[in-house]
1. Would you kindly identify the strands (runs of 3 or more DSSP E) lying entirely within the stretch 1-102 that contain at least 1 residues that are in contact with a helix residue (DSSP H, G or I) (Cβ under 9 Å, 6 or more places away or on another chain), farther than 26 Å from THR122 by Cα and at pLDDT 95 or above?
2. Could you check the stretch 103-141 and list, in sequence order, the residues that are acidic (Asp, Glu) and assigned to a helix (DSSP H, G or I)?
3. Taking the residues in the stretch 101-113 that are in contact with a strand residue (DSSP E or B) (Cβ under 6 Å, 6 or more places away or on another chain) and over 20 Å from ALA30 (Cα atoms) as candidates, determine which candidate is surrounded by the most Cβ atoms within 10 Å (Cβ to Cβ).
4. Considering PHE27, PHE62, which residue is among the hydrophobic types (A, V, I, L, M, F, W, C) and under 14 Å from LYS4 (Cα atoms)?
5. How many of the residues making up the stretch 15-43 are farther than 19 Å from MET89 by Cα and either of a type in the set (S, T, N, Q) or without any contact (Cβ under 8 Å) to a residue 40 or more places away in the chain (or both)?
6. Which condition does LYS141 not pass, out of (1) farther than 21 Å from HIS25 by Cα; (2) modelled with pLDDT of 95 or more; (3) of a type in the set (Lys, Arg), if it passes all the others?
7. Could you run through the stretch 126-135 and say how many residues are farther than 19 Å from ALA30 by Cβ and loosely packed, with under 15 Cβ neighbours inside 10 Å?
8. Kindly indicate the residue of the stretch 1-19 that is touching a Phe, Trp or Tyr at 6+ places or on another chain (Cβ under 8 Å) and open to solvent by less than 50 Å² (accessible area, probe 1.4 Å) and also farthest from TYR53 (Cα to Cα) among those meeting that condition.
Amino acid sequence: MIRKFKSSDMEPVLNIWLTASLKAHDFIAAEYWQSQVENMRTMYIPASEVYVYEHNDQVKGFYALYETMLAAIFVAPDAQGQGLGKALMAHAKAQRASLTLNVYQRNENSYRFYRSQGFQVTSESTDEHTGEAEWVMGYSK
């Protein structure tokens, strides 16, 4: 079931974000991701429209929208490959007429996933925090 985020979801969401970020972005130092947990807790999650995927009373994934940006979409590593990401993406696409996102160019699995979900590369940028090259991708209905 996908539902709106509630405050009691914060710890599971942060845990999913950190463990999935470490797995997907092994080309960035783990210390960087660990240093961002409090920013996620106090700034990014509260500023966003967040939905969680819950199964058997456990949060297994989430996504965050900031205006028309898909700021985050993460599935717990032990639940990946089971269609949760596709379900979360379909739900996110139903919330907006168009979406944009940034993905690290070295994160090939996520890039392929976004392409399979109808996103196209619109430009290239560099993440100011990590110095990593990114693709800016967009989707429109």
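The values are calculated or read from the model by the stated rules, or taken from the named source; none is laboratory data. Nothing here was measured: the structure is a model prediction, and the numbers come from that model. In this analysis, Cβ positions are derived from the backbone assuming ideal geometry, glycine residues included, and neighbour counts consider all displayed protein chains. Areas reflect the complete protein model, heavy atoms only, side chains present, ligands, DNA and RNA absent. Shrake-Rupley method; radii C 1.70, N 1.55, O 1.52, S 1.80 Å.
1. Result: 2-4, 49-55, 58-66.
2. Selection gives GLU108 alone.
3. Filtering the stretch 101-113 for residues that are in contact with a strand residue (DSSP E or B) (Cβ under 6 Å, 6 or more places away or on another chain) and over 20 Å from ALA30 (Cα atoms), the one surrounded by the most Cβ atoms within 10 Å (Cβ to Cβ) comes out as LEU101.
4. The unique qualifying residue is PHE62.
5. Just the residues of the stretch 15-43 that are farther than 19 Å from MET89 by Cα, to begin with: 15, 18-19, 22-23, 25-43.
Adding the requirement that they be either of a type in the set (S, T, N, Q) or without any contact (Cβ under 8 Å) to a residue 40 or more places away in the chain (or both) leaves 15, 18-19, 22, 26, 29-31, 33-43.
Residues flagged as farther than 19 Å from MET89 by Cα and either of a type in the set (S, T, N, Q) or without any contact (Cβ under 8 Å) to a residue 40 or more places away in the chain (or both) within the stretch 15-43 amount to 19.
6. (2)
7. So the count comes out to 3.
8. Within the stretch 1-19, the subset touching a Phe, Trp or Tyr at 6+ places or on another chain (Cβ under 8 Å) is 1-5, 9, 13, 16-18.
Those left that are additionally open to solvent by less than 50 Å² (accessible area, probe 1.4 Å): 2-3, 9, 13, 16-18.
On the way: ILE2: 4, ARG3: 7, ASP9: 11, VAL13: 10, ILE16: 11, TRP17: 13, LEU18: 16 Å.
Among residues in the stretch 1-19 that are touching a Phe, Trp or Tyr at 6+ places or on another chain (Cβ under 8 Å) and open to solvent by less than 50 Å² (accessible area, probe 1.4 Å), the one farthest from TYR53 (Cα to Cα) is LEU18.
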